[in-house]
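See below for the structure under consideration.
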Amino acid sequence: MTRVLVVEDDPQLVRALKINLHARKFEAEEAGTGADALRLAAARTPDAILLDLGLPDMDGVDVIKSVRRWSKVPILVLSARHTSEEKVRALDAGADDYVTKPFSMDELLARLRAATRREAAPTRADRPAVVTTEDFTVDLAAKKVRRGERTVRLTPTEWHLLEILVTHPGHLVSQRRLLLEVWGPTYSENTNYLRVYMAQLRRKLEPDPSRPRYLITEPGMGYRFEP
Ligand code: CA
């Protein structure tokens, strides 16, 4: 049974979450403060954490940073904050995904299942050397991309972006993280670079670049590779 730690200070929401989690065969424990969350995350090692960012005693982002020092447990953020900046902070601190309040219980549970599946997936050390989709293959060791019999030529920047995305399948990678890793700290605000290079990658890889199937934009947030 998947054990979920629910970190939320709104008792009504906690009750609704617990009822729905139990109905879907999740086991749920609750923490109403950041301090309780950190204590229970360590003592009970849950399989996933649902985390409200607005807690009475500390910033939820600091909870994420503390947990990430020692654990890779999937963290799904429940955010009442609508600015994408807040969500990006949470993702950069190590959250796996987020839902914005008010959210549908079905969507939340689907994202929770996806996050726990990813955790069970192979880690970086034993990641596959070749990522295969119906339309192209990415050979991570040889640094080569093929579409059918054809080799796709990528610039070093295009390759770097693609490599980060395909090694995090199904995972939202924030704009900031991509800019930091590919261009460096001086360029962390230059989201127009990302738009240009993602458009180039789509022209080279997507069957219909205007309606991406593999390289998905999360507006204002980042990008996701859907295998
Ligand atoms: Ca709250």
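The values are calculated or read from the model by the stated rules, or taken from the named source; none is laboratory data. Worth saying up front: this structure is predicted, and the values here are computed from it rather than measured. Backbone-built Cβ (ideal geometry, glycine too); neighbour counts: all protein chains shown. Areas reflect the complete protein model, heavy atoms only, side chains present, ligands, DNA and RNA absent. Shrake-Rupley method; radii C 1.70, N 1.55, O 1.52, S 1.80 Å.
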In deg cm²/dmol, rounded to 500, what helix-only [θ] at 222 nm does the chain give when every DSSP H run of at least 4 residues adds -39500 (n - 2.57) and the total is split over its residues? -12500 deg cm²/dmol
Solution diffusion estimate, µm²/s, Stokes-Einstein, the chain, Kirkwood Rh from C-alpha pairs, 25 °C, viscosity 0.890 mPa s: 131
Structure shown: which of Lys72/Lys101; Lys65/Lys143; Lys72/Lys204 lie over 29 Å apart, alpha-carbon to alpha-carbon? Lys65/Lys143; Lys72/Lys204
With every protein chain kept in place and ligands, DNA and RNA left out, what is the accessible area per residue of region 112-224? Probe 1.4 Å, answer in Å². 56
Give me the angle, in degrees from 0 to 90, between the Cα long axis of helix 34-44 and the longest principal axis of the Cα atoms of the chain, rounded to the nearest 10. 80
Classify region 174-227 as rounded, prolate or oblate from the Cα gyration tensor: take a ≥ b ≥ c as the square roots of its eigenvalues, call it rounded if a/c is under 1.5, otherwise prolate when a/b beats b/c and oblate if not. prolate
P(r) of region 2-119 in 10 Å steps, Cα pairs, percent per bin? 14, 54, 30, 1
Residues with amide H under 5 Å of Ser79's amide H, sequence separation 5 or more or different chain, H placed in the peptide plane at 1.01 Å from N; which? Val99, Thr100, Lys101
Contact order relative to length of the chain, as percent, for alpha carbon pairs under 8 angstrom and 6 or more apart: 13
First compute the accessible area of the chain with a 1.4 Å probe, then give the percent of it belonging to carbon and sulfur atoms. 50
Taking every DSSP beta bridge with both residues inside the chain, roughly what % is antiparallel (nearest 5)? 50
Beta carbons within 10 angstrom, averaged per residue: use that to sort the peptides 35-43, 16-24, 203-211, highest first. 35-43, 16-24, 203-211
Cα gyration tensor of region 130-225 diagonalised, 5x eigenvalues square-rooted, in angstrom largest first, produces semi-axes 21, 14, 12
